[in-house]
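The values are calculated or read from the model by the stated rules, or taken from the named source; none is laboratory data. Bear in mind the structure is a predicted one, so any value in this text is a computation, not a measurement. Don't worry about glycine lacking a Cβ; one is built from the backbone with ideal geometry, like all the others, and counts go over all protein chains shown.
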Number of protein chains: 2
Amino acid sequence: MRLIECVPNVSEGRDPAALERMVAAVRNTPGVELLDWSADADHNRAVLTYAGEPEAVLIGTQALCREAFAVIDMRTHEGAHPRLGAVDVIPFVPLRGVTTEEAVAVARRLGEWIGEQGVPVYYYQDAATRPERQSLPDVRRGEYEGLAARISTPEGAPDVGPAVFNERSGASIVGVRFPLVAFNVNLATADLSVARRIAEAVRFSSGGFRHVRAMGVALEDKGQVQVSMDILQYEKTPVHRVLETVRSEAARYGVAVAGCELIGLAPLDAFTEALRYYMQMHEFSSSQIVESRLLEV
Amino acid sequence: MRLIECVPNVSEGRDPAALERMVAAVRNTPGVELLDWSADADHNRAVLTYAGEPEAVLIGTQALCREAFAVIDMRTHEGAHPRLGAVDVIPFVPLRGVTTEEAVAVARRLGEWIGEQGVPVYYYQDAATRPERQSLPDVRRGEYEGLAARISTPEGAPDVGPAVFNERSGASIVGVRFPLVAFNVNLATADLSVARRIAEAVRFSSGGFRHVRAMGVALEDKGQVQVSMDILQYEKTPVHRVLETVRSEAARYGVAVAGCELIGLAPLDAFTEALRYYMQMHEFSSSQIVESRLLEV
């Protein structure tokens with residue numbers, strides 16, 4: 001089974017009836033598995049996570065967009081989170097047996113379709129058509145409120161769809177990214193400076209691993225601190241190597257790792273290298289795991 | 001998705017056409033996934049591994065038995081491996097969302113059906129009706145050649161099916177067992193006595209872990225020795241704990257672990273406890289793995 005995941009963010013996090021219509025659109029698409037969804041009232045935003053064969057996921061995403069364009073009116077939208085439109089961001093994530101190129105083809109087909117609905121589309125990250133559109137925050141700069149002015153400039157022209165401001169739906173940002181692993185390490189100390197120094201040691205921006213973003217956070221009710229990380233390309237920067245570096249850097253302060261947590265979901269392959277490392281199973285493959293084999297067909 | 005595995009052993013390992021008929025019977029059953037099969041000419045025996053929803057696996061197993069009873073004639077069967085009949089042993093393995101009791105119910109339904117085909121059936125291990133039939137070697141004692149005499153005795157009476165010797169098909173042994181993890185640890189030494197002493201330290205029969213069988217084996221072409229193990233109940237004796245004991249016992253001889261191997265397949269849950277241990281993910285659950293989630297429905 002070829003698997004692609006989709007994690008759309010829509011600009012509605014308060015109205016239960018509207019949320020239910022959007023969630024139902026995905027849930028009722030044959031071949032699509034809704035893995036998770038959550039809404040945030042402060043952000044006035046919801047995130048859905050679902051997966052399936054590429055064709056089914058494309059159809060499910062169209063169904064979601066149809067509902068979102070019907071129930072969300074950006075003219076009255078307010079919320080804490082930056083956003084450009086009703087269906088704000090649609091990242092496709094290749095999970096199994098799907099190349100980045102194939103995922104980009106799915107993203108582009110969705111983009112064409114959204115354009116036909118009269119909503120301008122920007123492609124980002126691995127689906128970007130210009131280097132300056134790879135980063136999501138760059139594409140979203142100016143937000144919905146700045147879109148009317150921006151869309152008619154050469155820099156702000158959409159990749160597909162009308163180069164005209166759509167008052168009701170704003171614009172959508174469609175792209176492809178590798179599955180991200182959100183992995184936190186809690187340290188048996190209340191000293192935030194230790195977490196901060198370790199975050200600096202492992203993250204790319206200050207000389208650490210290429211595919212790691214990290215920050216130090218205080219967990220006040222636990223009396224601990226946390227190195228909170230995103231691992232963006234676990235095939236190149238495997239999770240176990242980052243964890244072992246955190247352990248070794250923590251040890252220099254006499255601090256031990258108290259516990260770790262995986263936030264949300266990850267594909268099996270995000271942990272097969274960890275099993276190979278810790279259990280020295282040099283030839284271990286995820287196809288030796290029954291669940292993985294059952295999805296191969 | 002509820003998942004049960006079935007690993008039948010049939011008494012044919014030489015005739016490609018006969019093997020193909022039996023394998024095709026499983027492969028062509030809707031909802032059943034053939035995960036593996038292999039035939040051994042010396043043993044004149046083949047093993048199939050497949051999985052699916054309990055109902056589909058039951059139907060696939062009936063289809064396999066139908067072909068096996070048609071193509072195998074025990075009157076002309078010879079081979080190195082002990083056996084009682086054409087479809088010699090049929091172990092059902094509860095993999096996901098299926099209790100042992102439910103698996104026993106499936107095994108019993110198959111047993112009734114085999115009995116209706118005129119083939120005597122013995123239940124073993126978790127499906128046994130008498131304590132003396134829990135162990136497979138005990139049930140198989142005397143083999144096919146002793147069956148005619150044994151079947152009419154009170155000790156040898158089948159659990160279901162005719163208490164009459166079936167010359168063509170012998171008898172079948174149907175049961176339920178927990179998924180077994182075949183896990184080998186290679187040691188960076190050529191000294192077989194080290195592997196043997198470690199095998200003694202970890203296995204149940206000489207005072208080790210309750211659910212471990214182990215032996216020391218020489219790997220002559222590698223210049224290494226191996227602790228070859230079966231872990232019979234990974235939920236009670238987790239794989240990582242056995243590995244760590246092997247590591248610590250090897251260290252007392254100045255010997256390091258060179259590598260480990262998982263033989264064949266294992267369910268994801270056989271390794272989730274290892275991920276919790278090595279990565280200190282105290283709250284980690286296999287439902288955080290996308291592949292596992294996709295099979296949950």
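Remarks
- Among the residues making up the stretch A:284-297, those that are outside any loop (DSSP other than H, G, I, E, B) and either facing chain B (nearest Cβ under 7 Å) or on the phi > 0 side of the Ramachandran plot (or both) are A:GLN288, A:ILE289, A:VAL290, A:GLU291, A:SER292, A:ARG293, A:LEU294.
- Checking each residue in the stretch B:85-113 for being closer than 30 Å to B:ARG75 by Cα and in a loop (DSSP other than H, G, I, E, B) picks out only B:ALA86.
- Scope the stretch A:15-51; condition in contact with a Ser or Thr (Cβ under 8 Å, 6 or more places away or on another chain) and not aliphatic (A, V, I, L, M); matching residues: A:ASP36, A:TRP37, A:ASN44, A:ARG45
- Index of the failed condition, B:ILE198 passing every other in (1) in a helix (DSSP H, G or I); (2) out of contact with any Gly (no Cβ under 8 Å at 6 or more places or on another chain); (3) not acidic (Asp, Glu): (2)
- Residue satisfying all of: in the stretch A:270-283; in contact with a strand residue (DSSP E or B) (Cβ under 8 Å, 6 or more places away or on another chain) and surrounded by 19 or more Cβ atoms within 10 Å (Cβ to Cβ); farthest from the other protein chains (Cβ to nearest Cβ) among these: A:ALA270
- Among the residues here, A:TYR253 qualifies as more than 9 Å from chain B (Cβ to nearest Cβ), hydroxyl-bearing (Ser, Thr, Tyr), over 30 Å from B:VAL7 (Cβ atoms) and over 25 Å from the mean Cα position of the chain (by Cα).
- The lone criterion from (1) touching an Asp or Glu at 6+ places or on another chain (Cβ under 8 Å); (2) closer than 22 Å to B:HIS282 by Cβ; (3) not aliphatic (A, V, I, L, M) left unmet by A:SER286 is number (2).
- Filtered residues of the stretch B:269-280 (kept if hydrophobic (A, V, I, L, M, F, W, C) and within 20 Å of A:LEU243 (Cβ to Cβ)): B:PHE271, B:ALA274, B:LEU275, B:MET279
- Taken together, A:LEU219, A:LEU265 contain a single residue that is more than 11 Å from chain B (Cβ to nearest Cβ) and modelled with pLDDT under 95, which is A:LEU219.
- Under the condition of being among the hydroxyl-bearing types (Ser, Thr, Tyr) and surrounded by fewer than 23 Cβ atoms within 10 Å (Cβ to Cβ), the residues counted in the stretch B:27-74 number 3.
- Residue selected from the stretch B:222-247 under the condition part of a strand (DSSP E or B) and within 14 Å of chain A (Cβ to nearest Cβ), by the criterion farthest from B:SER285 (Cα to Cα): B:GLN224
- Criterion: in contact (Cβ under 8 Å) with a residue 60 or more places away in the chain and assigned to a strand (DSSP E or B) - qualifying residue of A:ALA214, A:ALA182, A:ALA250, A:ALA270: A:ALA182
- Checking each residue in the stretch A:199-240 for being buried (at least 18 other Cβ atoms within 10 Å of the Cβ) and among the basic types (Lys, Arg) picks out A:ARG203, A:ARG213.
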